[in-house]
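Just below is one structure, and these are the notes that go with it.
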Amino acid sequence: MNKMPPLAPHVTVNGRDYAAPNTCAIAICLDGCEPAYLDEAIKAGLMPTLTRIRREGTDRRAHSVIPSFTNPNNLSIATGRPPAVHGICGNFLYDRETGTEVMMNDVKFLRAPTIFSAFYKAGRKVAVVTAKDKLRALLGAGLEFADGRAFCFSAEKSDTTTAAGHGIDNASAWLDTPVPEVYSAELSEFVFIAGVKLLKEHRPDIMYLTTTDYVQHKYAPGIPQANAFYEMFDRYLTELDAMGAAIVVTGDHGMKPKHGADGSPSVIYLQDLFDEWLGEAKARVILPITDPYVVHHGALGSFATAYLPDGANESALIEKLSAIDDIILVLNRKDACARFELPEDRMGDLVIISGENMTLGTSESRHDLAALNEPLRSHGGLTEQEVPFIVNRALPDLPDAPVLRNFDAFYYATRAAALTPAN
């Protein structure tokens, strides 16, 4: 068994100092949490605890990183830094050498230590629960489980967890909760069930709970199914708050309607345009939203990157793309990476961003939209960058967006936890 190192007065990771907490510091990432979801559920009287926290604690808006997708933002929250530092700039990247698209869910793609591994190495107890398993390995990088000070598992694969690999044997059985369907609100609820029990039984020093945006992709703010999701969340927030944890509630990105008046998806098929302009398959369009879970969004988001053939007239292509309605920004790689703090070696030659009600696709023939049984809602661009940032402690000097970023969550959660008297 590893010998526990002495507790440090603070933990430094990726150039930032995090306070040593006196109580559990929790960051909750509500996937796809457009601020209007909270407003509508509160208006309906369904979130009494969050209503009180907003009034008595700290209520701000923050900006996510761009692209406003799940993986880049979760790893930014986990490291406290933008993708230029941690390297995860999408769910997929294109390997020019092999000509293949590669999922960035392997730890080898992570270029910076997580806050969780830094706290673990400083002798603290750490817990991470994610809805989908695609994030688990990245979020758990650097953790060791033999000494009982680390827990990291997903709701999706909760019946396969082991003490040696995740900190607990069969988390599903431990929680007496069956593994939920991946496309369900219950997958996120499982995360909260686990968070409450971990806090009761193991009292971690820091804990990260991150959900899935299945509900947000399907239902607009104020729709009964959306309100029911946030009512459910408020019940678990009540329990976590009552146990004295210092909590930051934020999101990885917002969510906007991306469909026409008839309910059909609004899409600009970029690969088809490049094929017309440059010749078939001369350019390669990558959609970083793509992952194994595309049923609820059809791999359609508001951010794309394009790899161009040698000799292509970059300026002319930027001009052509910029002239298309609902494409709101086109930048070359250098300018995009400087503006959005992205790793240059993992981006294409062009970055294209569409507006609030439009998505970007590859070729029309490559997208299977048959499973979209509700009008499309999606994310990825600038119009989905604003997210809530709510703390159940009064922090009057907290800034607002755009200075405040969702990846400041643990900086302020640990600060709030350090201000809480030790039990």
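Values as computed for the structure displayed
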read-out	value
Residue satisfying all of: in the range 110-141; outside any helix (DSSP H, G or I) and of a type in the set (Lys, Arg); nearest to THR212 (Cα to Cα) among these	LYS132
Criterion (in contact (Cβ under 8 Å) with a residue 24 or more places away in the chain and more than 28 Å from GLY167 (Cα to Cα)) met by exactly one of THR98, THR79, THR51, THR58	THR58
Of all residues in the range 176-198 being aliphatic (A, V, I, L, M) and modelled with pLDDT of 95 or more, the one that is surrounded by the fewest Cβ atoms within 10 Å (Cβ to Cβ)	VAL179
Whichever residue in the range 13-51 is among the β-branched types (Val, Ile, Thr) and not in a helix (DSSP H, G or I) and, among such residues, is nearest to TYR230 (Cα to Cα)	ILE28
Verdict on VAL107 being under 19 Å from the mean Cα position of the chain (by Cα) and surrounded by fewer than 23 Cβ atoms within 10 Å (Cβ to Cβ)	yes
Check on GLU201, part of a helix (DSSP H, G or I) and crowded, with 19+ Cβ neighbours inside 10 Å	no
Complete set of residues in the range 207-254 that are among the charged types (D, E, K, R) and not in a helix (DSSP H, G or I)	ASP213, ASP252
Conditions (1) surrounded by fewer than 24 Cβ atoms within 10 Å (Cβ to Cβ); (2) closer than 23 Å to THR51 by Cβ; (3) under 19 Å from the mean Cα position of the chain (by Cα): number failed by THR250	(1)
Tally of residues being outside any helix (DSSP H, G or I) and closer than 15 Å to ILE352 by Cβ across the range 267-288	9
Meets criteria (touching a residue at least 24 places away in the same chain (Cβ under 8 Å), farther than 30 Å from ASP400 by Cβ and in the same structural domain as ILE42 (by TED's automatic domain parsing)) for SER68	no
Checklist (1) surrounded by 20 or more Cβ atoms within 10 Å (Cβ to Cβ); (2) modelled with pLDDT of 95 or more; (3) more than 19 Å from the chain's Cα centre (by Cα) applied to TYR94, failing item	(2)
Candidate set: the range 271-288, residues that are touching an Asp or Glu at 6+ places or on another chain (Cβ under 8 Å) and among the aliphatic types (A, V, I, L, M); chosen: the one farthest from MET347 (Cα to Cα)	ALA281
Residue tally, condition crowded, with 22+ Cβ neighbours inside 10 Å and not in a loop (DSSP other than H, G, I, E, B), over the range 142-175	8
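The values are calculated or read from the model by the stated rules, or taken from the named source; none is laboratory data. In this text the structure is predicted, and so the values were computed from the model without any measurement. Every residue, glycine among them, receives a Cβ derived from its backbone with ideal geometry; neighbour counts consider all protein chains shown.
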